[in-house]
Amino acid sequence: MPENTLAKKRTSPFRYGIGMFGTSIPINMFKSFAAAFYVKDLGLIDTNQMAKIIFIYTFIDAIDNPVYGFLSDRTKTKWGKRRPWLVIGTPLLILSFILFYNMPEGIRSNSAAAYIYILLMYILTGTLDSLINANYGALFPTLFKTDGERASTNAIRQVCQLVAMVISIVLTPMVTSAIGYGLTAVIYGIIALAVILYMTFGCYEKIEEEEYELAKGEKPDLLKAIVALAKNPKFWIFGFAGAFYSASFSLISQAIPFYVQYTLGLKSSMTTVMLGVVFGVALIGIVIWSRIIQKVNIIKIWRIGFLIMAAGFVPLFFASGFKSAVPITSIMGMGVAACLVTMDCIAAKIIDDDYAKHGVKREGMLTSLVGVMNRLNGLYVSLGFKVMYDVFGFVDGNNPGANPSLASKVLLCIFPFVAMTLAFLFSLFLHFDNKTNTAVENG
């Protein structure tokens with residue numbers, strides 16, 4: 001291996017971790033409030049159309065993720081594999097995100113045109129987010145090699161993500177009520193652009209090391225990567241567990257605005273408080289779990305997080321008011337924190353296993369393929385909105401059906417409870433022998 005590899009600058013865990021703040025702000029507002037904005041507030045589309053949009057996007061997202069990972073792995077520039085994609089893709093993502101929440105007035109007056117616009121901009125924004133995250137995520141196992149480095153870096157990353165969620169999910173109802181969704185998207189977009197580019201130019205890929213690995217070994221191949229993962233039971237177990245967790249997490253942010261208004265009978269501004277409790281406790285929980293994870297097996301923490309979240313949805317279904325709902329959501333926040341601290345580290349262990357077995361550097365493809373499973377949560381979320389429409393007759397904010405309270409509880413409590421229960425059951429079958437990690441740490 002070339003000697004100057006050792007002279008390469010080390011990437012600061014904070015510099016890399018803060019990138020999660022930038023990537024999280026636009027996508028969380030985008031996915032969390034798309035339905036609330038276009039279905040509940042404006043009534044430009046109904047819950048059935050929203051379900052179709054999510055359903056279509058999910059399949060496109062399942063295809064684009066591995067393609068972006070494949071292209072990233074085979075990129076060769078003096079700036080590295082990932083940085084060019086991040087520099088080019090970030091401005092496009094921000095532009096698409098801003099346009100999603102700033103529909104031209106001429107289109108709003110035509111219901112058919114409005115539906116097509118929302119569908120196309122939803123897909124475009126989502127696929128550009130996949131491009132950014134495929135490259136950002138692929139940097140993690142490359143830049144940080146040991147469990148200790150990964151755990152501490154991931155803790156920083158998840159804290160940054162939760163701070164972003166507090167802004168883009170918790171505070172958004174209050175901000176949009178004051179300045180509107182359009183201007184809010186512009187402000188969030190500019191912040192995200194600055195942070196992602198700041199992270200990108202501070203990440204130092206070990207270019208010489210990557211070239212040496214490619215020269216001595218097999219080059220990344222998309223089909224072979226897919227086949228290798230298809231034969232890996234760890235991938236399927238972790239993938240399905242992650243998909244059900246992602247579906248549950250997604251439903252929390254998307255369903256709480258409906259739950260607050262129609263079940264608890266509160267003003268939409270109280271959505272800020274409810275979400276604030278969840279993410280505020282999760283922020284504290286990340287610090288606590290990050291300390292515990294130094295002494296307790298990471299898989300155990302992962303499973304505990306699933307159990308806490310699943311258990312919380314049961315009393316939340318029967319909550320009679322704000323005072324009873326808040327303590328429940330605070331406990332669930334601890335479950336969210338446990339999942340956030342562990343998920344990416346476990347994914348990195350699967351990538352380590354693949355490299356140990358096949359000797360091929362393909363972090364981008366593997367990160368993306370693992371991400372495909374997580375993003376299949378859209379099918380489950382789509383089903384939730386479909387049930388609201390077909391079973392409860394909840395069309396939109398102007399026509400919420402005969403029992404919007406029960407419909408909202410089913411969307412927020414029943415669907416996520418089932419998902420988290422399945423996630424926990426899958427997690428029971430995932431085990432690592434730690435041989436790969438020990439080798440990495442000692443090497």
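Bear in mind these aren't lab numbers, they're just calculated from the coordinates by the rules spelled out. Small disclaimer: the values here were computed from a predicted structure and weren't measured. Heads up, the Cβs are rebuilt from the backbone with ideal geometry, glycines too, and the neighbour counts pull from every protein chain shown.
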(message) Counting other C-beta atoms within 10 Å, and keeping those with at most 16, which DSSP coil chymotrypsin sites (Phe, Trp or Tyr not before Pro) do you find in the stretch 310-388?
(response) none
(request) Can you tell me the equivalent ellipsoid semi-axes for the chain? Use √(5λ) from the Cα gyration tensor, largest first, whole Å. (result) 36, 24, 19
(request) Specify the angular offset, from 0 to 90 degrees and rounded to the nearest 10, of the alpha carbon long axis of helix 363-375 from the longest principal axis of the alpha carbons in the chain. (result) 20
(message) Could you check the spin-label model distance between residue 14 and residue 187? Points 7 Å from the Cα along Cα→Cβ, value in nm.
(response) 2.6
(request) At most 15 other Cβ atoms within 10 Å and a DSSP loop assignment: could you name the trypsin sites (Lys or Arg not before Pro) in the stretch 51-114 that fit? (result) 76, 78
(request) Any of 52/267; 76/234; 267/409; 40/267 with alpha carbons more than 19 Å apart? Name them for me. (result) 52/267; 76/234
(message) For the pair residue 291/residue 431, report the inter-label distance in nm, with labels modelled 7 Å from Cα in the Cβ direction.
(response) 3.2
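What relative contact order, as a whole-number percentage, does the chain give when Cα pairs under 8 Å and 6 or more residues apart are counted?
30
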(request) Using a 10 Å cut-off on Cβ atoms, rank the peptides 41-47, 22-28 from the highest mean neighbour count down. (result) 22-28, 41-47
(request) Show that you can apply the helix-only estimate: for the chain, add -39,500 (n - 2.57) for every DSSP H stretch of four or more residues, divide by all residues, and state [θ] at 222 nm to the nearest 500. (result) -25000 deg cm²/dmol
